[in-house]
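One structure is given here, and the rest of the page talks about it.
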Amino acid sequence: MFGPPGSGKGTYASRLSVKLGVPHISTGDLVREEIKNQTEMGKRINDYSSRGLLVPDNVICQLLQKRISQPDCARGFILDGFPRTIPQAQELEKISTTDLVINLRVPDTVIIERLESRLTCRSCGSIYNERFLKPRIAGRCDKCDGQLYQREDDHPNVIQQRLELYRKQTQPLLEYYLRKNQVRNISNNETHVPPEKVVEEIINMIQAERN
Ligand code: AP5
Ligand code: MG
């Protein structure tokens, strides 16, 4: 799943994971897990993540490699937020293959509205929105009853920085996958389109490739 911050990568990948029966791997979640557990790596990368900067390629590749060597990844997986640079894409090619790159296209105005009101579960990482995808009980996760919080990088000045960095460092990677003919676009111009509708569109794209 490819796209700017707040384009819905996590929202759609978590639902696709259930439908396709393969794990959803968000490198952002892997980073936040290291920080939460206060590991040595977590302490080193905290500053990058909270300021909306990319974590160095070697660190993020190490985290990814460890995750995809787990048995549940043997049948495939959905990557969310990886790769984000050409070196990361090259590293991925050494350890695995890619089938499709789903490119989420969402205007900045929608992204900013969504991120300023995003809520994330502290326990299981599920994603909600105070305005557009509310939890059943305010402040609590529908799935595990965990506490919902606002991510440190979801503050207005950090959001702006993440959007700029996405354009500079990550968007050029699309060219790399366009040359492989693996990019499929999903455009979403409104704040609220039911996620299930978008997920259905993605599944249709995947099926079209199989036929
Ligand atoms: P990461 O966690 O991946 O952040 P990101 O790329 O900025 O993307 P987000 O998670 O903010 O957005 P999303 O596209 O998942 O949107 P979501 O589904 O939540 O990375 C965090 C940090 O980790 C990075 O800044 C970096 O430091 C580090 N990192 C991670 N990977 C790295 C890498 N490869 N290299 C280097 N560093 C790396 O949706 C957003 C909101 O919109 C939610 O509230 C949701 O409910 C709502 N929403 C979504 N879709 C809809 C819809 N259809 N209708 C209504 N609301 C919707
Ligand atoms: Mg995400």
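The values are calculated or read from the model by the stated rules, or taken from the named source; none is laboratory data. Keep in mind that this is a model prediction, so the values were computed, not measured. Note: ideal-geometry Cβ built from the backbone for every residue, glycine included; neighbour counts use all protein chains shown.
Here is the figure for the range 65-90: residues that are touching a residue at least 60 places away in the same chain (Cβ under 8 Å), among the small types (Gly, Ala, Ser) and outside any helix (DSSP H, G or I) total 1. Among the residues making up the range 124-147, those that are within 15 Å of ligand 2 (Cβ to nearest atom) and over 20 Å from HIS192 (Cα atoms) are CYS124, GLY125.
State whether the residues of the range 170-178 include one that is surrounded by fewer than 14 Cβ atoms within 10 Å (Cβ to Cβ) and either more than 19 Å from the chain's Cα centre (by Cα) or under 28 Å from ASN37 (Cβ atoms) (or both).
Our first condition is that a residue be surrounded by fewer than 14 Cβ atoms within 10 Å (Cβ to Cβ); within the range 170-178, this holds for 172, 175, 178.
Within this subset, residues satisfying the condition of being either more than 19 Å from the chain's Cα centre (by Cα) or under 28 Å from ASN37 (Cβ atoms) (or both) are 175, 178.
Yes, because at least one residue in the range 170-178 is surrounded by fewer than 14 Cβ atoms within 10 Å (Cβ to Cβ) and either more than 19 Å from the chain's Cα centre (by Cα) or under 28 Å from ASN37 (Cβ atoms) (or both).
Does GLY76 meet the test of being on the phi > 0 side of the Ramachandran plot, over 15 Å from the mean Cα position of the chain (by Cα) and modelled with pLDDT of 95 or more? Outline the logic, then answer.
Details: on the phi > 0 side of the Ramachandran plot: yes; over 15 Å from the mean Cα position of the chain (by Cα): yes; modelled with pLDDT of 95 or more: yes.
So GLY76 passes the test.
Can you pull out every residue in the range 77-114 that is closer than 19 Å to ASP154 by Cα and touching a His at 6+ places or on another chain (Cβ under 9 Å)? Listed by number, the list holds a single entry, ASP80.
Quick grid of which residues meet (1) touching a Leu at 6+ places or on another chain (Cβ under 6 Å); (2) surrounded by 16 or more Cβ atoms within 10 Å (Cβ to Cβ); (3) in contact (Cβ under 8 Å) with a residue 60 or more places away in the chain; (4) not basic (Lys, Arg):
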site: VAL22; (1), (2), (3), (4): no, yes, no, yes
site: ARG44; (1), (2), (3), (4): no, no, no, no
site: THR97; (1), (2), (3), (4): no, no, no, yes
site: ARG118; (1), (2), (3), (4): no, yes, yes, no
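Among all residues of the range 32-52, there is none that is within 11 Å of ligand 2 (Cβ to nearest atom) and either touching a His at 6+ places or on another chain (Cβ under 7 Å) or under 23 Å from LYS94 (Cβ atoms) (or both).
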